[in-house]
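Visitor: For reference, the structure I am asking about is given below.
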There are 4 protein chains.
Amino acid sequence: MGFTSDQKIRFDDVDGAGIVYYPQYFHLCHAAFEDFFDSAAPVSYPELVRDRRLGFPTVAIESTFSAPLVYGDVAVVELNVERMGKSSVVFGYEIRRKRDGLLCFSARVTTVLVSIDTMKPIALDAEYRSLFERLLGTKK
Amino acid sequence: MGFTSDQKIRFDDVDGAGIVYYPQYFHLCHAAFEDFFDSAAPVSYPELVRDRRLGFPTVAIESTFSAPLVYGDVAVVELNVERMGKSSVVFGYEIRRKRDGLLCFSARVTTVLVSIDTMKPIALDAEYRSLFERLLGTKK
Amino acid sequence: MGFTSDQKIRFDDVDGAGIVYYPQYFHLCHAAFEDFFDSAAPVSYPELVRDRRLGFPTVAIESTFSAPLVYGDVAVVELNVERMGKSSVVFGYEIRRKRDGLLCFSARVTTVLVSIDTMKPIALDAEYRSLFERLLGTKK
Amino acid sequence: MGFTSDQKIRFDDVDGAGIVYYPQYFHLCHAAFEDFFDSAAPVSYPELVRDRRLGFPTVAIESTFSAPLVYGDVAVVELNVERMGKSSVVFGYEIRRKRDGLLCFSARVTTVLVSIDTMKPIALDAEYRSLFERLLGTKK
């Protein structure tokens, strides 16, 4: 099993149809991604961006929405690493609702390590390879 | 050419790296989708949801992010229809920045017409087939 | 001391000037308000809204912003009750940044208990009076 | 009459009670503030922030919420200037719903011109005094 982070669905997360607004699922994923850095990385994601001037912008997404989340749900976001390239990392996300484990959302999110100042790709060094390797192949 | 809608990138649309937060691209797409209903549909999207109790939730996304948008940019969102099924409509979106036409984002967003009350699919009737047909095959 | 809740400042909470977008302070307050219900109320705020069809919409705000929060900060949101009327509850909020306790924001937020269906005020019953009394006069 | 800007209430602007989430009113105000710069100022607000490294952070708010807005409403945001100090500008905002002119929200928002790099106040020069004077005393 990968890294998991619980995120409460907040009062403003829903849309005019009363379910979580679909772009908000990607926000839940990013919150889990930041929490993973807080729990396991050499520096937090804010420090990576501000101090090291590095980041992992998203370059591609494939995702499936299979059940709605509503206000009051807790989203259990699971993060895995599906593949690493020279500069790229493909993350797998699954979001389940906590009350019954129902799968609501899954996504494959491709990111690239870049210099924030130039937006050019940078090769993943040993420190980041090792960080992400612990999430590689952990998907059940 | 499909339906296009200009959306200003607002003060809060950016992230800690100074570029538009990636989930926000899907929000820009939804704003254009609502604007299309306002300009061409028998009823606005708010009326569809509230009065007819119908909606087009997203069930799948494939998207590519090719260049960042920054605060002060105007996003030109183009909406096309790529395919219609019995209940499903696959929308194609492209977002270009207005100042030079650079393609920043493209997505294929699959939606299904459902009853908001049951969340079950409903067949597209002639009115909606005709609405979306005008955006079918308009992509250059 | 009142009820406190820690809220991470997320990647999308900042604006084009690199500090937390000012409307977001009120969102941090609402998150703490929901967390207070989760920790102390007979029902959660989602259940209050959905099942009992009650809510506490905001009718007035006075607030002061004294220092900026940035990406990576943790906001410590403190919630107190300043006054209770027949239907109204005046909440006091203070937001400090966790790393040094600096006061960044304070607000007095007046809410009224209403029926969600009619939006008319409803008298606070003993259960809610007792809930809020524990936060009355707790401000240091 | 001051400067007015129409803002559509979007699918994600509502909360779990089905009305516009209260922090979102301040976002509507900021959108109108940016639109005022676009229509009347020597430089847009994005250029002010990015190129001149200046900004008008909010230091205090007093506001009243008198009627809810719902999905599908158009918010007519009116902006006036109530007072100018050496570095400070007090803006008055009123939000009415377009369909019937009902006043939904009013606020007095105090801002201070600062250097983004130091966050220290800077005196308003003739250019900005002249810009804001045209909105001074325009309230009916």
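The values are calculated or read from the model by the stated rules, or taken from the named source; none is laboratory data. Remember, it's a predicted structure, so these values are computed and weren't measured experimentally. So basically every Cβ, Gly included, is an ideal-geometry build from the backbone, and we count neighbours across all protein chains shown. Accessible surface areas use protein heavy atoms only, side chains included; no ligands, DNA or RNA. Shrake-Rupley method; radii C 1.70, N 1.55, O 1.52, S 1.80 Å.
Visitor: Residues in the range C:68-80: is at least one among the acidic types (Asp, Glu), within 23 Å of residue D:119 (Cα to Cα) and over 17 Å from the mean Cα position of the chain (by Cα)?
Guide: Taking every residue of the range C:68-80 in turn, at least one turns out to be among the acidic types (Asp, Glu), within 23 Å of residue D:119 (Cα to Cα) and over 17 Å from the mean Cα position of the chain (by Cα).
Visitor: Just name the residue that is most open to solvent (accessible area, probe 1.4 Å) out of those in the range C:76-104 that are under 20 Å from residue C:137 (Cβ atoms) and among the acidic types (Asp, Glu).
Guide: C:82
Visitor: Moving on to the next point. How do the pairs read when you match residues in the range C:64-81 that are of a type in the set (D, E, K, R) with residues anywhere that are modelled with pLDDT under 95 and open to solvent by 10 Å² or more (accessible area, probe 1.4 Å), using Cβ under 9 Å and keeping only pairs 6 or more apart or on different chains?
Guide: C:78/C:1; C:78/C:2; C:78/C:139
Visitor: Could you list all residues from the range A:1-29 that are in contact (Cβ under 8 Å) with a residue 60 or more places away in the chain and part of a strand (DSSP E or B)?
Guide: If the condition is that a residue be in contact (Cβ under 8 Å) with a residue 60 or more places away in the chain and part of a strand (DSSP E or B), then A:3, A:4, A:5, A:6, A:7, A:8 are the ones that fit.
Visitor: Within the range C:26-40, restricting attention to residues that are within 11 Å of chain A (Cβ to nearest Cβ) and in contact with a helix residue (DSSP H, G or I) (Cβ under 8 Å, 6 or more places away or on another chain), which residue is most open to solvent (accessible area, probe 1.4 Å)?
Guide: That would be C:38.
Visitor: Could we say that residue A:43 is under 27 Å from residue C:20 (Cα atoms), within 14 Å of chain C (Cβ to nearest Cβ), part of a strand (DSSP E or B) and among the aliphatic types (A, V, I, L, M) here?
Guide: No: the conditions fail for residue A:43.
Visitor: For the subset of the range D:105-133 comprising residues that are touching a Lys or Arg at 6+ places or on another chain (Cβ under 6 Å) and farther than 12 Å from residue D:57 by Cβ, which member is surrounded by the most Cβ atoms within 10 Å (Cβ to Cβ)?
Guide: D:123
Visitor: Please work out which residue is farthest from residue A:137 (Cα to Cα), limiting yourself to the range A:49-65 and to residues that are assigned to a strand (DSSP E or B) and open to solvent by less than 40 Å² (accessible area, probe 1.4 Å).
Guide: A:54
Visitor: Something else now. Exactly one condition in (1) in contact with a helix residue (DSSP H, G or I) (Cβ under 9 Å, 6 or more places away or on another chain); (2) within 7 Å of another protein chain (Cβ to nearest Cβ); (3) part of a strand (DSSP E or B) is not met by residue C:95; state its number.
Guide: Going through (1) in contact with a helix residue (DSSP H, G or I) (Cβ under 9 Å, 6 or more places away or on another chain); (2) within 7 Å of another protein chain (Cβ to nearest Cβ); (3) part of a strand (DSSP E or B) one by one, residue C:95 breaks only (2).
Visitor: Could you pull out the residue among D:23, D:68, D:46 that is open to solvent by 20 Å² or more (accessible area, probe 1.4 Å) and not hydrophobic (A, V, I, L, M, F, W, C)?
Guide: D:68
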